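The values are calculated or read from the model by the stated rules, or taken from the named source; none is laboratory data. Every value quoted in this text rests on a predicted model; they were computed, and no experiment measured them. Because the Cβ atoms are built from the backbone with ideal geometry, glycine has one as well, and the counts that use them run over all protein chains shown.
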Amino acid sequence: MPRFATPVAARIRELREFLGVIRQGEPPILETFISELATLVDAKGCAYGVQVEEQGYSTSYCHVSGLGISGTTALKALDGAVRVQGRQVGFYTPARIEKWQRNVAVVFPRNSQILQESVSLTGPMALQLESFQRPARRAYGAAFTTMGIVNDHLLRVLVCEGSSLLSWVGALRSEPFETWERRVLQALVPALRERLTLESHWEQAVLNAHAVPLLLESIASPALLVSASGRIVQANALARGWLARDAKGLRELLGAALRGTRVPLVQLSRISARGWPTYYLAVIKRPGQPAMRTELARRRWNLTQREAELLVHLASGASNKTLAASLDCAVRTIEQHVTTLLEKMGAENRATAIARFWSELAG
């Protein structure tokens, strides 16, 4: 994380932790988030969603902080602007967010300068400005007037899951935003994106015994619902496949993450409800760049090429039987390699070795 003043850094850590917990009956997470963001950068805040429909776009929700108007009023104002657009809305395309705009905090000049075409932008933003047609400028001018932000500078991010927009999130004020403030928002984006992605999946399945499997199957990675003690309550097909290959290894990996060991391979989201036990949604992230990680592992722990390849396979959840088939050797040989590997890494078991692999070679 970039270096911030101590109070700011502490608040960022608190917000990240807050975003990682789902609490029954809490206000919409974006309502809380924009209020906290506005406080952090001393500005007003706004977050809204855009619904992509066959006949065009509409605004699906809006939360505001410090604007002096309600979210409902802001929603109506923005909806009037969004509906007059063609393919593009403002400086982005809701149906498919451009890759260079996804999850990147950006600082804009005053809204009035953009509306009056009295500002010069460079790069892809210049092309977006050229596409900002006169009817759209008038519609946004009316919306900004209602919201009282015509003369404000903007700091915003398009929070996305892939090319899909989860939320437009921004801060506004009369003074220009500084570089450190853009970095503050950028530092919060990963946790916010993960939370909004998770909520988008929750919305597709009501939280009950019949819907949980549907929720888990909607996640394109091995995913499980586990208790605080590590008991697996539900698992999707990808996770069940992993359990069939190496149940012990996966349980050890989950146990390590639940005990607080840093295991980047495992993303845990706590589900908290008053009067109910704590459960976790565990999503196993797919490893990438195996060749690079093999070389890094070989150098880091002075491993042979075969041992480094073995470690990469272990970190991906392979069982001894699968490893033996992949590396064309006997299971007994794999067991001997694993014992040697653990000794070289100074790891007491496979779960510790996997945790060290992902924490020390993450990148």
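If you go through the range 137-152 one residue at a time, how many are in contact with a helix residue (DSSP H, G or I) (Cβ under 7 Å, 6 or more places away or on another chain), over 17 Å from TYR48 (Cβ atoms) and not in a loop (DSSP other than H, G, I, E, B)?
So the answer is 2.
Considering the range 35-51 alone, what residues qualify as being touching a Lys or Arg at 6+ places or on another chain (Cβ under 9 Å) and either surrounded by 15 or more Cβ atoms within 10 Å (Cβ to Cβ) or modelled with pLDDT under 90 (or both)? Working first, answer last.
Looking only at the range 35-51, we keep the residues that are touching a Lys or Arg at 6+ places or on another chain (Cβ under 9 Å), and these are 36, 38-44, 46.
Hits for the range 35-51 are GLU36, ALA38, LEU40, VAL41, ALA43, LYS44, CYS46.
Take the residues in the range 349-363 that are touching a helix residue (DSSP H, G or I) at 6+ places or on another chain (Cβ under 7 Å) and surrounded by fewer than 16 Cβ atoms within 10 Å (Cβ to Cβ); name whichever of them is nearest to ALA256 (Cα to Cα).
This residue is ASN349.
I need the full set of residues from the range 8-27 which are surrounded by fewer than 19 Cβ atoms within 10 Å (Cβ to Cβ) and at pLDDT 85 or above, in order please. Before you say what the answer is, go through the steps one by one.
If we filter the range 8-27 for residues that are surrounded by fewer than 19 Cβ atoms within 10 Å (Cβ to Cβ), which is where we start, we get 8-11, 13-14, 16-18, 20-21, 23-27.
VAL8, ALA9, ALA10, ARG11, ARG13, GLU14, ARG16, GLU17, PHE18, GLY20, listed by residue number.
Residue-wise test of (1) assigned by TED's automatic domain parsing to the domain that holds ALA43; (2) surrounded by 16 or more Cβ atoms within 10 Å (Cβ to Cβ); (3) modelled with pLDDT of 85 or more.
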{"residue": "VAL184", "(1), (2), (3)": "yes, yes, yes"}
{"residue": "ALA187", "(1), (2), (3)": "yes, yes, yes"}
{"residue": "ALA191", "(1), (2), (3)": "yes, yes, yes"}
{"residue": "GLU194", "(1), (2), (3)": "yes, yes, yes"}
{"residue": "THR197", "(1), (2), (3)": "yes, yes, yes"}
{"residue": "LEU216", "(1), (2), (3)": "no, yes, yes"}
{"residue": "SER221", "(1), (2), (3)": "no, no, no"}
{"residue": "VAL226", "(1), (2), (3)": "no, yes, yes"}
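Pull up the range 132-150, narrow it to residues that are farther than 25 Å from GLU31 by Cβ and of a type outside the set (A, V, I, L, M), then point me to the one that is modelled with the highest pLDDT.
Among those that are farther than 25 Å from GLU31 by Cβ and of a type outside the set (A, V, I, L, M), it is GLY141.
With the requirement that a residue be small (Gly, Ala, Ser) and either in contact with a Phe, Trp or Tyr (Cβ under 6 Å, 6 or more places away or on another chain) or within 12 Å of VAL169 (Cβ to Cβ) (or both), what does the range 8-34 give you?
Residues satisfying the conditions do not exist here.
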